[in-house]
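Only one structure is covered here, and it is reproduced in the block below.
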Amino acid sequence: MKRISYSGGSFLTTDSVAGALLHFVAALGSSHRAEAIEIPVLHDDGREDTIQLVIGPASELVSVSEATSFAEPDSSAAVENLHKRTESLAVPRPVAADSADSAVVATDYDFDDL
(Lines give C-alpha, C1' and ligand atoms only; values in the text may rest on other atoms or scores of the structure.)
Protein backbone atom coordinates (compact mmCIF):
# COMPACT_ATOMS: atom_id res chain seq x y z
CA MET A 1 0.00 0.00 0.00
CA LYS A 2 1.04 3.61 -0.51
CA ARG A 3 0.38 6.68 1.58
CA ILE A 4 -0.15 9.71 -0.64
CA SER A 5 0.44 13.16 0.84
CA TYR A 6 -1.54 15.89 -0.86
CA SER A 7 -2.67 19.38 0.10
CA GLY A 8 -1.75 19.11 3.77
CA GLY A 9 -3.32 15.68 4.30
CA SER A 10 -2.67 12.07 3.40
CA PHE A 11 -4.51 8.91 2.44
CA LEU A 12 -3.73 5.22 2.02
CA THR A 13 -4.41 3.52 -1.31
CA THR A 14 -3.17 0.59 -3.37
CA ASP A 15 0.21 0.58 -5.08
CA SER A 16 -1.47 0.44 -8.50
CA VAL A 17 -3.73 3.45 -7.79
CA ALA A 18 -0.78 5.43 -6.45
CA GLY A 19 1.28 4.71 -9.58
CA ALA A 20 -1.58 5.51 -11.95
CA LEU A 21 -2.38 8.70 -10.03
CA LEU A 22 1.20 9.96 -10.21
CA HIS A 23 1.38 9.27 -13.95
CA PHE A 24 -1.94 11.07 -14.49
CA VAL A 25 -0.79 14.16 -12.57
CA ALA A 26 2.45 14.21 -14.58
CA ALA A 27 0.46 14.00 -17.84
CA LEU A 28 -1.76 16.89 -16.71
CA GLY A 29 1.34 19.06 -16.70
CA SER A 30 1.34 19.24 -20.49
CA SER A 31 -2.41 19.83 -20.75
CA HIS A 32 -2.52 22.94 -18.53
CA ARG A 33 -5.82 21.96 -16.91
CA ALA A 34 -7.20 20.51 -13.69
CA GLU A 35 -9.42 17.44 -13.32
CA ALA A 36 -11.62 15.94 -10.61
CA ILE A 37 -11.06 12.26 -9.83
CA GLU A 38 -12.27 9.61 -7.39
CA ILE A 39 -10.04 6.90 -5.98
CA PRO A 40 -10.45 4.10 -3.43
CA VAL A 41 -8.72 4.53 -0.06
CA LEU A 42 -8.43 2.82 3.30
CA HIS A 43 -8.96 4.68 6.57
CA ASP A 44 -6.61 3.98 9.46
CA ASP A 45 -9.20 1.60 10.96
CA GLY A 46 -9.35 -0.46 7.74
CA ARG A 47 -12.62 0.95 6.43
CA GLU A 48 -12.78 1.24 2.65
CA ASP A 49 -13.88 4.56 1.21
CA THR A 50 -13.65 6.70 -1.90
CA ILE A 51 -12.16 10.18 -1.94
CA GLN A 52 -12.53 12.93 -4.48
CA LEU A 53 -9.59 15.09 -5.51
CA VAL A 54 -9.09 18.02 -7.82
CA ILE A 55 -5.64 17.74 -9.31
CA GLY A 56 -3.78 19.77 -11.89
CA PRO A 57 -0.36 20.56 -13.33
CA ALA A 58 0.80 22.21 -10.08
CA SER A 59 -0.34 19.37 -7.81
CA GLU A 60 2.42 18.12 -5.56
CA LEU A 61 1.94 14.52 -4.45
CA VAL A 62 4.30 12.34 -2.45
CA SER A 63 3.93 8.55 -2.46
CA VAL A 64 5.49 6.47 0.33
CA SER A 65 5.17 2.72 0.97
CA GLU A 66 3.34 1.80 4.15
CA ALA A 67 2.88 -1.60 5.74
CA THR A 68 -0.64 -2.49 6.82
CA SER A 69 -2.47 -5.58 8.01
CA PHE A 70 -5.59 -4.67 6.01
CA ALA A 71 -6.44 -6.24 2.67
CA GLU A 72 -6.15 -4.00 -0.37
CA PRO A 73 -9.49 -2.79 -1.73
CA ASP A 74 -10.40 -3.66 -5.31
CA SER A 75 -8.93 -0.77 -7.26
CA SER A 76 -9.01 -2.20 -10.80
CA ALA A 77 -11.77 0.13 -12.04
CA ALA A 78 -10.02 3.22 -10.64
CA VAL A 79 -6.68 2.18 -12.14
CA GLU A 80 -8.27 1.53 -15.54
CA ASN A 81 -10.01 4.93 -15.40
CA LEU A 82 -6.78 6.74 -14.53
CA HIS A 83 -4.89 4.95 -17.32
CA LYS A 84 -7.57 5.88 -19.88
CA ARG A 85 -7.56 9.49 -18.75
CA THR A 86 -3.77 9.61 -18.91
CA GLU A 87 -3.76 8.14 -22.43
CA SER A 88 -6.39 10.63 -23.59
CA LEU A 89 -4.05 13.47 -22.67
CA ALA A 90 -1.40 12.13 -25.05
CA VAL A 91 -3.66 11.90 -28.12
CA PRO A 92 -3.28 14.86 -30.50
CA ARG A 93 -6.49 16.84 -30.97
CA PRO A 94 -7.25 18.48 -34.32
CA VAL A 95 -7.82 22.22 -34.29
CA ALA A 96 -10.59 23.77 -36.37
CA ALA A 97 -9.23 25.99 -39.14
CA ASP A 98 -10.46 29.54 -39.60
CA SER A 99 -12.24 29.82 -42.95
CA ALA A 100 -10.22 32.98 -43.68
CA ASP A 101 -6.97 31.01 -43.41
CA SER A 102 -6.96 28.76 -46.47
CA ALA A 103 -3.34 27.69 -45.88
CA VAL A 104 -4.25 25.68 -42.77
CA VAL A 105 -4.42 21.95 -43.40
CA ALA A 106 -6.95 19.77 -41.59
CA THR A 107 -4.13 17.77 -39.95
CA ASP A 108 -2.64 20.80 -38.14
CA TYR A 109 -2.56 20.45 -34.36
CA ASP A 110 -2.60 22.90 -31.53
CA PHE A 111 0.87 23.92 -30.27
CA ASP A 112 0.21 22.33 -26.85
CA ASP A 113 -0.31 18.95 -28.52
CA LEU A 114 3.19 18.76 -29.97
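Any residue in the stretch 55-67 that's over 16 Å from Leu28 (Cα atoms): show its pairings with residues that are in a loop (DSSP other than H, G, I, E, B) at Cβ separation under 9 Å, as long as the two are six or more apart or on different chains.
Sorted first by the residue in the stretch 55-67, then by its partner, the pairs are Ser65/Met1; Glu66/Met1; Ala67/Met1.
Of the residues that sit in the stretch 12-39 and are at pLDDT 95 or above and either among the aromatic types (Phe, Trp, Tyr) or more than 13 Å from the chain's Cα centre (by Cα) (or both), which one is farthest from His83 (Cα to Cα)?
Leu12
Would you point out the residue of the stretch 59-88, among those that are among the hydrophobic types (A, V, I, L, M, F, W, C) and touching a Leu at 6+ places or on another chain (Cβ under 7 Å), that is surrounded by the fewest Cβ atoms within 10 Å (Cβ to Cβ)?
Taking the candidates together, the pick is Phe70.
Just give me the residues in the stretch 45-68 being of a type in the set (D, E, K, R) and farther than 18 Å from Ser7 by Cβ, in sequence order.
Of the stretch 45-68, the ones of a type in the set (D, E, K, R) are 45, 47-49, 60, 66.
Of everything in the stretch 45-68, those that are of a type in the set (D, E, K, R) and farther than 18 Å from Ser7 by Cβ turn out to be Asp45, Arg47, Glu48, Glu66.
The values are calculated or read from the model by the stated rules, or taken from the named source; none is laboratory data. Because the structure is predicted, anything quoted here is derived from the model rather than measured. So basically every Cβ, Gly included, is an ideal-geometry build from the backbone, and we count neighbours across all protein chains shown.
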